[in-house]
Amino acid sequence: MRYISNALTLFLVLFTLINSAFADAQLNLTEQEQSWLSQNKRSVVVGVAIIPPYLSNPDKKSGAEGLSLDYLKLIEDNLDTTFQYKIFDNYGAMIRAAKQREIDLVFAISKNFERSEYLDFTPVYSHLANKIFTRKGHFDKAEMTDFVGKRFAVPRGTALVSYISGHYPGIELVQVKSLRDAFSLLAAGDVDGVGSYASAGYFYTRLEGIENVSIVGSVGYDYHISFGSRNDWPLLGQVLNKALAKITSEQRKQIEERWVQPEDSQRVDLKTVVQLSIYIGFALLLAGFLVVLLWNRSLKREMAIRLEAQKEVRFLAYHDELTSVYNRLFFVESLAEFTRLPSNEAKTSSIILLGLDNFSLINDFHGHKMGDQILQRVSLRLPSRLSNGAVLARTGGDEFAILLRHSSNRIELGHLADLLITEIKRPIVYGNQSVAITATAGISVQTEVLDDPMRLMEQADIALHEAKRKNIGGYLFYAHEMSETLLENKQLAEALIAALNSDQFYLNYQPQVSLSSRKVIGFEALARWNHPVKGNIPPDQFIALAEREGIIVTLGDRVLQLACDQAVKWLSEGIEFDRIAVNVSVKQFVETDFVSKVMNALSLSGLPANKLELEITESLFLGDKKVALETMDKLTSQGVRFSIDDFGTGFSSLLYLKELPVAKLKLDQGFIRGITTDHSSLQIVKASLQMGQALNMAVIAEGVETLEEQRLLVQLNCGEAQGYLFSRPVAGDKVNADLMEAIAEHMTPVT
């Protein structure tokens, strides 16, 4: 018996190991992931906040149940593990716990920049559209701008708080513990509006018996729900992604059908009404009959509301609210189905990922209404070029993805991409404005069986990034080398962020001279980066990188502060100059706190405002000229001066030059280098000088390299210049009286 018992025990151990190995194999876990999972199988702590009506609800047995919990149970099954669950009173408390590493996994979270500092995110598994709720009769329709100066309630700790405070600083945010509290304040008239997803609003108003609340518009920011795992445990995020990817479309559908429907907590029971009417008696039969009719009408109205809300929730689960095309969740599920189909030369699965070029500038210049209009028009145009079997989805703010079964012939796919790009290029008329926007495409083609369907989407995304860098307005097919380039750019962007606060990042200064007095009158600050491994990286390369990676504002703020600090140091050393010029990017200028940032830099350094000149480009005035004028007026009233950089290469207009407080025009070096040999360049420079003189503006020529160019500029009455003829850019500590004197002596008098 002992031998039989031992053999049975050995068999069970082997069976468990084989079963576990098989489960891991199904997930394609690496050895490192398998080892980490076996060591942490019972130690992962999941944070859960109660978010009715379907993400999570209280449950006496397990603590919580709901859509997100169902997904977690499937993930546990796929990983053959059991998580520990920690229930929080409110969402804000859960987020604080995640930030402090008290929990390892957040059960339902939307990705934003702040949370990315301490969390990694899985792909999106559900979608919540945020609506604006107000008391009935206050608004028929409303937008978030209607609540500037008003009180607006949002649950504390949610991504909606960051969105509203960042985009609508004029709204007085009232952060509450839960949506129940928010709707109670709204019903009592203590706040003017509430931001909430539709099903939760329906749930709480019915639960509390609130009848004076209605939906009047969209917040403009939706929750794209994913799981968040602590980013100092990257292996946790990796195994979660694989376990989530293993959940089938059928399982997802069952979860959605179970939970995604509003609760009807005030259902009318017609039988009860009928029974009560019988008890009233024959004498009140007519009155009872009328009551039944009234209740029946109420029931129909309630059922209609419920069905409409359920229809909306189901639609939003798989559709983009703004454009009504499919959303990322539906696209990912379809992608899993498409990539399972056989691939050959005649037909395979492909993705064309379209990204609108410089779309953020449209929002900055023309406002979000215009941006929304463009997205809607694009979504209506694209289907005309697609076959019936193709799936069109909006997968990002300015990105549309097309999933299709098509020949693997690259010429045919490229032709289709060209047609789609051409459709987007057609001008879009909105009110009295006409806007033309371009698009760039990345294309991926399935050439083999994919363990992870999202790999095809990642390849299209990589190709799109590379196309935006090399072939903007066109398309590129994914190639393996692109992944290496993207990784290199990502590492370079991370290195740039680190460099901004180290001595790797520094400024050089190019002197600016008066052609009449032959004296140095100012300096232009020029950013430089000395990478510890790659050496000096050209400014056009790292500035373009900063634009693409969204850190151009941080870089610009750093340049401004360093330049102000250096200017003050020169003044303390007795070096006299008129102004120090600092380039300002469009994204930096349109920031709502730009004026305060400039004044803060002046205050911290001690530099007088009349010593600072901000160089802006003509493209800035494509947008809201009224806002630009207000910003410039605020700074010029303090003494700051503005100049237009690269004048003549953008959208020059006498109208905006006349209206805006611009003190100087800076002629692009491309024209200066050609004035002695090219008649067109000479005429452009002449016209620009005449324009500047007519408007009482100073004109400075950049890129002057030869004595012939200097002589011609003097003959044309150009007052100021800079370039290698006078001095190359120099380090701040090299600027001294000797340098100023040497430049003056080197300048040849021109008569």
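Round to the nearest 10 and give me the degree value, 0 to 90, for the angle of helix 737-746's Cα axis relative to the longest principal axis of the chain. Between the helix axis and the principal axis of the chain, the angle is about 60 degrees.
Give me the lysines in straight-line cross-link reach of residue 246: C-alpha distance below 24 Å, same-chain residues under 8 apart excluded. Partners within reach: 41, 73, 111. Take the Cα of residue 728, step 7 Å along the line toward its Cβ, and report every residue of the range 679-712 whose backbone nitrogen sits under 18 Å from that point. Hits in the range 679-712 for residue 728 at 18 Å: 703-707. Taking a cut-off of 13 Å between Cα atoms, list the aspartates and glutamates near residue 253, but don't count ones fewer than 8 places away on the same chain. Output for residue 253: 70, 333.
Pairs over the 22 Å Cα-Cα cut-off, from the set 611/666; 534/569; 519/664; 468/490: 534/569.
Within the range 328-478, antiparallel bridges make up roughly 90 percent of the DSSP beta bridges whose residues both belong there. The angle separating the long axis of helix 454-470 from the principal Cα axis of greatest extent in the chain is about 10 degrees. DSSP finds beta bridges in the range 307-414, and of those with both partners inside it, around 95 percent are antiparallel.
I'd like the orientation of helix 270-280 relative to the chain: the angle between its Cα long axis and the longest Cα principal axis, in ° from 0 to 90, rounded to 10. With rounding to tens, the tilt is 60 degrees.
DSSP beta bridges in the chain, what fraction antiparallel, as a percent rounded to 5?
Values: 62 of 101 bridges.
Of those bridges, close to 60 percent are antiparallel.
Cross-link partners for residue 369 among the lysines, with Cα-Cα distance under 20 Å and sequence neighbours closer than 8 places in the same chain left out: 131, 141, 425, 587, 625, 626.
Values quoted throughout were computed directly from the atomic coordinates according to the rules given, and no laboratory measurement underlies them. None of these values were measured; they are calculated from a predicted model. Backbone-built Cβ (ideal geometry, glycine too); neighbour counts: all protein chains shown.
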